[in-house]
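In what follows, a structure is listed as structure tokens, so that the remarks can point back to it.
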């Protein structure tokens, strides 16, 4: 099978997808923005061809590149795994007759207000929302729905540039922030109260082949705004033991079918609170921040290879055994600046060495990143354990014990 893969070298974990495809026997043709020489021998050897373009989100450039490839070989698939690349990939597939997730489905996954409207039409519980093109529309929505509200870019991913407002003053300030960034249309929605998590899948023709349920501690907005918090997310191995996880999976199945995702990885966010389970949003792509590394460690299965096997042959290679829960804890520096040192690492190594998947500690002198940069921006530790509750306690202990000093 000949699979065109968008942007094989950046960000760096893109290489994992290419190597996985090659490992199951696919012929991988890359299209990216890097020079061929910059790819390195290992990545070049995993591909049967590579074509450089100026911008992988430029539909005209991408279409011309794919049509040239099609003049040389039959192209079975064109895949993109980065959120910002998915719409261009869908448009190129449509223009060149390559099967895959449609432009309409991709648009629903990218445009938050349209996504929410489509979900409400088929009875999937989600927040009230609107696409606002003017300040008057935002004020009208606030008067109708009430506070708190969430404002975010219409095509944003995760918590990036997302603002929560709880009164008129905060709303006015948020609008000036978006205005300063040149936003002409933003998504405004009712704030979902409750615990937040995500549900990830790999599906074939809308049927879920693999799935994972993961919890945030605390919720993302709080985690990405508060320095002293060492935030975590933990994927559970208890999916078969709880009716709640069955409810999450059923909601995910309905969304995949409603949007006609087809054959793809998906990443879906949910909330559970006073109003019950509420669906938040979906991306037609794998999750970020190393989630698949956790899923691989939790199941002793290479999830990247599973994705590649499904893309190439339409069936899974191995089941998920759910032997472990697995999680990550982000360790924030006490100041922004440069790393000055660490304490507590050896203590944690002595206590939990058998359960540690890996850790990342930037060297002394390395520039720090702000807390809003995410779970893997600075130091982090990843662990697994057969008991979910024990793992939560271990991660809490890591957060209390390891300190990152900067200045």
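The values are calculated or read from the model by the stated rules, or taken from the named source; none is laboratory data. Bear in mind the structure is a predicted one, so any value in this text is a computation, not a measurement. Please note: Cβ atoms are built from the backbone with ideal geometry, for glycine as well, and neighbour counts cover all protein chains shown.
If I filter region 132-142 down to residues being closer than 16 Å to residue 178 by Cα and surrounded by 18 or more Cβ atoms within 10 Å (Cβ to Cβ), which single residue comes out as farthest from the chain's Cα centre (by Cα)?
By that ranking, first place goes to 138.
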Kindly evaluate residue 373 against the criterion of being without any contact (Cβ under 8 Å) to a residue 12 or more places away in the chain, within 25 Å of residue 295 (Cβ to Cβ), under 22 Å from the mean Cα position of the chain (by Cα) and not assigned by TED's automatic domain parsing to the domain that holds residue 213. yes
Among the residues of region 209-253, count how many are within 30 Å of residue 315 (Cα to Cα), in contact (Cβ under 8 Å) with a residue 24 or more places away in the chain and touching a strand residue (DSSP E or B) at 6+ places or on another chain (Cβ under 7 Å). 19
Against the conditions (1) more than 16 Å from residue 265 (Cβ to Cβ); (2) part of a helix (DSSP H, G or I), where does residue 16 fall short? Just the number, please. (1)
Could you tell me how many of the residues in region 308-334 are in a loop (DSSP other than H, G, I, E, B), outside the structural domain of residue 397 (by TED's automatic domain parsing) and over 24 Å from residue 235 (Cβ atoms)? 1
Only one of (1) over 18 Å from residue 320 (Cβ atoms); (2) assigned to a helix (DSSP H, G or I) does not apply to residue 281, and that is (2)
Test result for residue 31, closer than 15 Å to residue 89 by Cα, touching a residue at least 40 places away in the same chain (Cβ under 8 Å) and crowded, with 16+ Cβ neighbours inside 10 Å: no
Within region 93-105, is even one residue buried (at least 19 other Cβ atoms within 10 Å of the Cβ), touching a strand residue (DSSP E or B) at 6+ places or on another chain (Cβ under 7 Å) and either at pLDDT below 95 or in a helix (DSSP H, G or I) (or both)? yes
Select from region 209-232 the residues that are within 28 Å of residue 130 (Cβ to Cβ) and at pLDDT 95 or above and write down the one among them that is surrounded by the fewest Cβ atoms within 10 Å (Cβ to Cβ). 218
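Each row is one residue, and each column tells you yes or no for (1) over 18 Å from residue 327 (Cα atoms); (2) assigned by TED's automatic domain parsing to the domain that holds residue 314; (3) assigned to a helix (DSSP H, G or I).
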site	(1), (2), (3)
227	yes, yes, no
230	no, yes, no
234	no, yes, no
246	yes, yes, yes
251	yes, yes, yes
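Every residue, every condition in (1) touching a helix residue (DSSP H, G or I) at 6+ places or on another chain (Cβ under 6 Å); (2) modelled with pLDDT under 95, yes or no:
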| position | (1), (2) |
| --- | --- |
| 347 | yes, no |
| 351 | no, no |
| 357 | yes, no |
| 363 | no, no |
| 367 | no, no |
| 371 | no, yes |
| 377 | no, yes |
| 381 | yes, no |
| 384 | yes, no |
Options 280, 242: the member that is surrounded by fewer than 19 Cβ atoms within 10 Å (Cβ to Cβ), at pLDDT below 95 and not assigned by TED's automatic domain parsing to the domain that holds residue 372: 242
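Being without any contact (Cβ under 8 Å) to a residue 40 or more places away in the chain and either within 15 Å of residue 4 (Cα to Cα) or assigned to a helix (DSSP H, G or I) (or both) is the filter here, so list the residues in region 49-61 that pass it.
Hits for region 49-61 are 49, 51, 52, 53, 57, 59, 60, 61.
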Would you please name the residue that is nearest to residue 376 (Cα to Cα), looking only at residues in region 330-351 that are without any contact (Cβ under 8 Å) to a residue 60 or more places away in the chain and surrounded by 17 or more Cβ atoms within 10 Å (Cβ to Cβ)? 345
Kindly indicate whether any position in region 108-118 is in a loop (DSSP other than H, G, I, E, B) and under 17 Å from residue 261 (Cα atoms). yes
Taking the condition of being surrounded by 21 or more Cβ atoms within 10 Å (Cβ to Cβ) and either under 30 Å from residue 154 (Cα atoms) or out of contact with any strand residue (DSSP E or B) (no Cβ under 9 Å at 6 or more places or on another chain) (or both), how many residues in region 309-329 meet it? 5
Could you pull out the residue among 167, 206 that is out of contact with any strand residue (DSSP E or B) (no Cβ under 8 Å at 6 or more places or on another chain), farther than 18 Å from residue 244 by Cα, outside the structural domain of residue 237 (by TED's automatic domain parsing) and surrounded by fewer than 18 Cβ atoms within 10 Å (Cβ to Cβ)? 167
Given the conditions (1) in contact (Cβ under 8 Å) with a residue 24 or more places away in the chain; (2) outside any helix (DSSP H, G or I), report the number of the one that residue 141 does not fulfil. (2)
